[in-house]
Amino acid sequence: MSEALPSYYHLHLVSDSTGETLTTIAKAASVQYGCVRPIEHVHPLVRTERQVLRVLKEIEQAPGIVLYTVVHTELGAMIEKRCTELNVPCLAVLQPIMQVFEAYIGAPQTPTVAGQHVLDADYFRRIDALNFTMHHDDGQLPQDLNDADIVILGISRTSKTPTSIYLAQRGYKTANVPIVPTVPIPPALSEDHSAFVVCLVAQADRIAEVRRNRAMVLGDRNLDVYVDRDAILAEIAHSRRICSRHGWPVIDVTRRSVEETAATIIKLHHDRRAGLAATMEQAKDV
């Protein structure tokens, strides 16, 4: 007779930084075991022996899987030793990756606590992108669209704003513009511009459901008109016609997460830049 699976397990994420890397890795792994629920214990900014001892006491009280990213070897050794004594699995998640880097590059590691969060040019580029995106949400400042890296179009409730914010966190200045059948698109998009333009659409039933939930909470729309399926289909068709006329790509986000949509946009953006660069090189050779 097989032993019944537990309904949950404890998952300890120990980091000397914010814990974002660990959380992402743990999420990617835990979703593969949907029949058992993880109870996450996130321990960020663990940088001293005293802090490690506190974390180890919590692990002792709620034993489970331990994943950690701690640069200092002495602290890592403390975690490993105590987890062995408690007979709980423990893994330094970045170590296998660092071993690959070290073997290929031929140089030893130079441990840097929270190195991925250093205040360098890339960090300030992302902050600048986020500020730009917040100021250009929902069609604001349409005259500045040529300053954007990416412009997202779409009818109401196609995840334009969360996708824009996610792209901004990746360093892309992103503006989003609502498509309304009775309102022309901003003139800046009909003129020569350098921004990459993409349109988001979704299935009419999905949009109607999201709109209905929003309208019921906020009460700021005429529900009958806002969620009418035929009207939504007409809005979607109008969006597709605009994009077809301008040659802008369209992404159906019905079954996509914000992260998946953003990844697709980034790929399309990179492909466009690569194509433009190739065209310029060919022109030089002529």
Enumeration of residues in the stretch 41-59 that are over 14 Å from H72 (Cβ atoms), touching a helix residue (DSSP H, G or I) at 6+ places or on another chain (Cβ under 6 Å) and either in a helix (DSSP H, G or I) or of a type in the set (V, I, T) (or both): L56
Residue within the stretch 244-256 that is under 25 Å from the mean Cα position of the chain (by Cα) and loosely packed, with under 11 Cβ neighbours inside 10 Å present: yes
In the stretch 171-182, residue surrounded by the fewest Cβ atoms within 10 Å (Cβ to Cβ) [restricted to those that are assigned to a loop (DSSP other than H, G, I, E, B) and in contact with a helix residue (DSSP H, G or I) (Cβ under 7 Å, 6 or more places away or on another chain)]: P181
Candidates D205, D228 - the one that is free of Cβ contacts under 8 Å to residues at least 24 places away in the same chain and charged (D, E, K, R): D228
Residue satisfying condition, being over 24 Å from H270 (Cβ atoms), within 22 Å of the chain's Cα centre (by Cα), assigned by TED's automatic domain parsing to the domain that holds I266 and not hydroxyl-bearing (S, T, Y), within set P178, P142: P178
The stretch 79-94 - residue that is in contact with a Cys (Cβ under 7 Å, 6 or more places away or on another chain) and touching a residue at least 24 places away in the same chain (Cβ under 8 Å) and, of those, nearest to I25 (Cα to Cα): C90
Test: residue in the stretch 152-170 that is among the β-branched types (V, I, T) and either farther than 17 Å from D138 by Cβ or in a loop (DSSP other than H, G, I, E, B) (or both): yes
Hits in the stretch 236-274 (condition: in contact with a helix residue (DSSP H, G or I) (Cβ under 8 Å, 6 or more places away or on another chain) and assigned to a helix (DSSP H, G or I)): I236, H246, V258, E259, T261, A262, I265, I266
Counted residues, the stretch 3-20 - those being of a type outside the set (A, V, I, L, M) and surrounded by fewer than 16 Cβ atoms within 10 Å (Cβ to Cβ): 6
Only listed residue being among the aliphatic types (A, V, I, L, M) and surrounded by 21 or more Cβ atoms within 10 Å (Cβ to Cβ), chosen from L153, L189: L153
Residues being buried (at least 19 other Cβ atoms within 10 Å of the Cβ) and of a type in the set (D, E, K, R) - total across the stretch 192-220: 1
Residues located in the stretch 185-211, provided they are out of contact with any helix residue (DSSP H, G or I) (no Cβ under 7 Å at 6 or more places or on another chain) and in a loop (DSSP other than H, G, I, E, B): E191, D192, A202, Q203
Residue in the stretch 125-147 that is over 22 Å from V253 (Cα atoms) and in a loop (DSSP other than H, G, I, E, B) present: yes
Enumeration of residues in the stretch 60-79 that are of a type in the set (V, I, T), in contact with a helix residue (DSSP H, G or I) (Cβ under 7 Å, 6 or more places away or on another chain) and assigned to a helix (DSSP H, G or I): I79
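The values are calculated or read from the model by the stated rules, or taken from the named source; none is laboratory data. Everything numeric here is computed off the predicted structure, so don't read it as measured data. Cβ atoms come from the backbone with ideal geometry, glycine included; neighbour counts cover every protein chain shown.
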